[in-house]
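Let me begin by presenting the structure, written as structure tokens, before commenting on it.
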Amino acid sequence: MTDNSTERTVPHPAELSPIEPMDPEVRWIQPGGGVVCRLELAWGYWRRFWLKTFRPGYVRRMAATRKGTANGCPHEVIDPRDVKFFRNQDGYHWAPADDPFRWRDRIPFARWGLAELMVFSALTFGPAAALAAWLLASEPLLAVQVVGWLVVATLAVFGLLIVWFFRDPPRKIPAAPGLVVSPADGKVVAIDEIEHDEFIGGPAIRIGIFLSIFSVHVNRAPVAARVVGVRYQRGKFLNALRPESARENEQMAIRMQETAAPYRRYVVRQITGAIARRIVCTLKPGDEVGRGEPFGMIKLGSRTELVLPRDAALTVVAKLGDTVRAGSTILAKFVTDPAAPTG
């Protein structure tokens, strides 16, 4: 889809938009809650007690390297693990060189889903291994063996699906100027023209991406930009394939703007689905992200939308039905110089 019309284009902002206050509904990176993350937070109280009791030297070292003047968490902060769920709140933090857990960002699984990965793996692989050991050791009746091995196989398949869901493979981010990359993995299910978008400031193009349970669910920034605002909307959990899900489902809207002229504005919406009911967004107003940089995820099937300005220089490369990958698939490009490279 290409729009070369100059009749209805978005006027470029003359300067950077003012930073909006944080949405008061967003008090941590997973505003919809969740049992597993609350279990992880509860475990943190015991972990901090153990550290203060048996590792006082470590506690002092972490306090000496800690940055920030206020605690943005509802609990005591000893090390970077304590701010994991509150990275989008102003408060204590550590420089990457002082973070002993920075290595976790390099493992091929979403860091925000590690607790779920461990819990669900224990609930699937654990019983499967125990049942398989019993079947091999006791030699029960044939009918019992058949049923038992079917249960083992079912649990193992569910466990593998959970592991597959939380994967976070590395991506090669295209570097050419003017490119807009996909904020999510999945299938392009909608490309719509919008008469007027309040944040964009004029006509816009909306690209909707459906994420199945087999998609990578880590969201990435479509462009290098500064976060102007973050808005959270509670809502329903309709099937993400239904068009009304974009309006009625629980969602997070990240409003961002390029930091260099012409200062184009974009909106990325993380939208829950019938199965996915947990949005994770680590961004706060004022943050800057690079193109393709991970900033959150939606857990277990969902929809992600990208809203970008309808501009005379815009060419939408994506087509309905395309399979896209976050951070690496080019959805659109802005070309101001026809001779400039675009890919």
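The values are calculated or read from the model by the stated rules, or taken from the named source; none is laboratory data. Since we're looking at a predicted model, the values are computed, not measured. Neighbour counts run over all protein chains shown; Cβ positions are idealised from the backbone, glycine included.
Quickly run through the stretch 159-169 and pick out the residues that are surrounded by fewer than 16 Cβ atoms within 10 Å (Cβ to Cβ) and among the aromatic types (F, W, Y).
W164
So which residues in the stretch 148-179 are farther than 25 Å from W112 by Cα and among the hydrophobic types (A, V, I, L, M, F, W, C)?
W149, L150, V151, V152, A153, A175, A176, L179
So in the stretch 273-300, with the set limited to residues that are under 19 Å from V188 (Cβ atoms) and touching a Ser or Thr at 6+ places or on another chain (Cβ under 6 Å), which one is modelled with the lowest pLDDT?
Going through the qualifying residues, I end up with A276.
A260 fails exactly one of the following numbered conditions: (1) under 20 Å from F199 (Cβ atoms); (2) free of Cβ contacts under 8 Å to residues at least 60 places away in the same chain; (3) crowded, with 18+ Cβ neighbours inside 10 Å; (4) aliphatic (A, V, I, L, M). What is the number of that condition?
Result: A260 fails condition (3) only.
In this structure, is A64 surrounded by fewer than 10 Cβ atoms within 10 Å (Cβ to Cβ) and either assigned by TED's automatic domain parsing to the domain that holds Q233 or at pLDDT 95 or above (or both)? It would help to see each step written out before you state the result.
Details: surrounded by fewer than 10 Cβ atoms within 10 Å (Cβ to Cβ): yes; either assigned by TED's automatic domain parsing to the domain that holds Q233 or at pLDDT 95 or above (or both): yes.
Against the criterion (surrounded by fewer than 10 Cβ atoms within 10 Å (Cβ to Cβ) and either assigned by TED's automatic domain parsing to the domain that holds Q233 or at pLDDT 95 or above (or both)), A64 qualifies.
In the stretch 31-41, is there at least one residue being under 22 Å from A97 (Cβ atoms) and not in a loop (DSSP other than H, G, I, E, B)? Don't jump to the end; show me each part of the working.
Restricting attention to the stretch 31-41, the residues satisfying the condition of being under 22 Å from A97 (Cβ atoms) are none.
No, the stretch 31-41 contains no residue that is under 22 Å from A97 (Cβ atoms) and not in a loop (DSSP other than H, G, I, E, B).
Could you figure out which of (1) at pLDDT 95 or above; (2) crowded, with 22+ Cβ neighbours inside 10 Å; (3) over 16 Å from the mean Cα position of the chain (by Cα) isn't true of I191?
(2)
Which condition number does F49 fail, the rest of (1) free of Cβ contacts under 8 Å to residues at least 12 places away in the same chain; (2) part of a loop (DSSP other than H, G, I, E, B) being met?
Only one criterion is unmet by F49, namely (2).
Search the stretch 238-256 for residues being touching a strand residue (DSSP E or B) at 6+ places or on another chain (Cβ under 8 Å), assigned to a loop (DSSP other than H, G, I, E, B) and modelled with pLDDT under 85, and hand back the single one that is surrounded by the most Cβ atoms within 10 Å (Cβ to Cβ). Spell out how you get there, then give the answer.
The first filter runs over the stretch 238-256 and keeps only residues touching a strand residue (DSSP E or B) at 6+ places or on another chain (Cβ under 8 Å), leaving 238, 240-241, 243, 245-246, 248-256.
Filter once more, so that each one left must be assigned to a loop (DSSP other than H, G, I, E, B): 238, 240-241, 243, 250.
Adding the requirement that they be modelled with pLDDT under 85 leaves 238, 240-241, 243.
Details: L238: 20, A240: 26, L241: 16, P243: 13.
This residue is A240.
Identify, from the list L283, L300, the residue that is on the phi > 0 side of the Ramachandran plot and crowded, with 19+ Cβ neighbours inside 10 Å.
L300
Looking for whichever is over 30 Å from R106 (Cα atoms), surrounded by fewer than 20 Cβ atoms within 10 Å (Cβ to Cβ), at pLDDT below 95 and acidic (D, E) here; the options are D337, D311. Which one fits?
Answer to the selection: D337.
Just to be sure I understand the filter: pairs with C-beta atoms under 7 Å, separated by 6 or more residues or on different chains, first member in the stretch 285-306 and closer than 17 Å to F109 by Cβ and in contact (Cβ under 8 Å) with a residue 12 or more places away in the chain, second member small (G, A, S) and part of a loop (DSSP other than H, G, I, E, B). Which pairs pass?
Every condition considered, the pairs that remain are F295/A221; M297/A110; I298/A276; K299/A276; L300/A276.
Can you tell me which residues in the stretch 171-215 are closer than 20 Å to I298 by Cβ, part of a loop (DSSP other than H, G, I, E, B) and not small (G, A, S)?
Answer for the stretch 171-215, where residues must be closer than 20 Å to I298 by Cβ, part of a loop (DSSP other than H, G, I, E, B) and not small (G, A, S): R171, P183, D185, I213, F214.
Output the number of residues of the stretch 216-228 satisfying the condition of being out of contact with any Ser or Thr (no Cβ under 8 Å at 6 or more places or on another chain) and outside any loop (DSSP other than H, G, I, E, B).
2
Consider only pairs whose beta carbons are under 8 Å apart and that are at least six residues apart or on different chains; among these, list those whose first residue lies in the stretch 230-244 and is more than 16 Å from G208 (Cβ to Cβ) and not assigned by TED's automatic domain parsing to the domain that holds V268 and whose second residue is part of a loop (DSSP other than H, G, I, E, B) and modelled with pLDDT of 70 or more.
Partner pairs satisfying both residue conditions: none exist.
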